[in-house]
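Peer 1: Please find one structure pasted underneath; my questions will follow.
The values are calculated or read from the model by the stated rules, or taken from the named source; none is laboratory data. Keep in mind that what you see is a predicted model, and the values were worked out from it rather than measured. Neighbour counts are summed over all protein chains in view; Cβ atoms, including those assigned to glycine, are modelled from backbone coordinates with ideal geometry. Areas reflect the complete protein model, heavy atoms only, side chains present, ligands, DNA and RNA absent. Shrake-Rupley method; radii C 1.70, N 1.55, O 1.52, S 1.80 Å.
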Amino acid sequence: MKKHLDLHAAYQPQSFSFRSAEAVKDILSRYPEGRARSAIMPLLDLAQRQVAEDGAKANPPYGGWIPRAAMDEIARIVGQPPIKVYEVATFYSMYNIEPVGQYLVQMCTTTPCMLCGSDNIVKACQDRLGIGLGETTGDGKFSLMEVECLGACVNAPMVQINDDFYEDLTPARMVEIIDLLEQGKEVPVGSQTGRLNSQAEGGGTTLKDAKVRKSGT
Ligand code: FES
């Protein structure tokens, strides 16, 4: 559900610069000489996080996204034409190429999540927030996005909000999570039913007698 990159949209800032030259240098140092373009992805991530930090202090708040000016700056840094950076940013759903809310709710609706009720999770989010997919609430706090499998199918249905996964969801729990985030409260991440990672719902069933070997023994 990613939108097209609008290079000339009114929301595009005129300029962008990385706050931490040290962080940029550190990323570039991970790649061999002549391979700076491999740094495009981590630099896009750095830019998105910098925008998110600014957005968390703004009124109304906004979330992390990557302005065109940031992509142009990355192209300059890695010595590539800007289109090479635009191509990467527009391909991956983890890069937001237009403004989003402070909390970006990415709802997985691929088959395992769909079979476990993701349609109801989507509906609960839409009803609670009063917005549709690809939209942001008027207070700048929440955006809704539909995404493909996020790799947590075993704990379906699930959503990703910013960097965190919320799994084993019910519509009621989904609404509670939104309420808590709106109030600035902490929400436990991972399974919302309390199971450990993807352990069976009734608890562990194997290796129960396994003795834990201490390192060095
Ligand atoms: S199908 Fe939803 S996480 Fe895989």
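Peer 1: Under a Cβ-only charge scheme (Lys and Arg +1, Asp and Glu -1), can you give me the dipole magnitude of the chain about the Cα centre, in debye to the nearest 20?
Peer 2: In total the dipole reaches around 720 debye.
Peer 1: Please give the per residue accessible area of the chain, computed with a probe of 1.4 Å over protein heavy atoms only, in Å².
Peer 2: For the chain, the solvent-accessible area averages 58 Å² per residue.
Peer 1: In degrees between 0 and 90, to the nearest 10, how far off the longest principal axis of the chain does helix 40-57 point, with axes built from Cα atoms?
Peer 2: 80 degrees
Peer 1: Turning to a different aspect of this structure: Taking trypsin sites (Lys or Arg not before Pro) that fall in a DSSP loop and have at most 10 other Cβ atoms within 10 Å as cut points, what is the longest piece of the chain between them?
Peer 2: 31-184
Peer 1: Lys/Arg Cβ at +1, Asp/Glu Cβ at -1, dipole of the chain taken about the Cα centre: which of Pro82, Gly117, Met158 is farthest positive-ward?
Peer 2: Of the listed residues, the answer is Pro82.
Peer 1: Given a 1.4 Å probe and every protein chain left where it sits, what share in percent of the accessible area of the chain is carbon and sulfur?
Peer 2: 52 percent
Peer 1: Projected onto the charge dipole of the chain (+1 at Lys/Arg Cβ, -1 at Asp/Glu Cβ, origin at the Cα centre), which of Leu144, Gln192, Ala47 gives the Cα projection farthest towards the positive end?
Peer 2: The residue sitting most towards the positive pole is Ala47.
Peer 1: Find the all-direction average of the projected area of the Cα convex hull for region 1-127, expressing the result in square nanometres with one decimal place.
Peer 2: With the hull built on Cα positions only, its mean projection is 9.7 nm².
Peer 1: Do any chymotrypsin sites (Phe, Trp or Tyr not before Pro) in region 58-150 lie in a loop, going by DSSP, with at most 15 other beta-carbon atoms within 10 Å of their beta carbon, and if so which? The partial results should precede the final answer.
Peer 2: On the way: sites: Tyr62, Trp65, Tyr86, Phe91, Tyr92, Tyr95, Tyr103, Phe142; in loops: Tyr62, Trp65, Tyr92, Tyr95.
For chymotrypsin sites (Phe, Trp or Tyr not before Pro) across region 58-150 that sit outside H, G, I, E and B with at most 15 neighbouring Cβ atoms in 10 Å, the list reads Tyr92.
Peer 1: Where nothing but the Cβ of Lys and Arg (+1) and of Asp and Glu (-1) is charged, how large is the charge dipole of region 21-91 around its Cα centre, in debye to the nearest 20?
Peer 2: 140 debye
Peer 1: Would you list Leu169, Leu196 from the most to the least accessible area, probe 1.4 Å? Show your work: numbers first, answer last.
Peer 2: Working: Leu169 10, Leu196 110 Å².
Highest to lowest solvent-accessible surface, that is Leu196, Leu169.
Peer 1: Can I ask one more? Tell me, how many Å apart are the Cα centres for region 176-199 and for region 1-49?
Peer 2: That distance is 31 Å.
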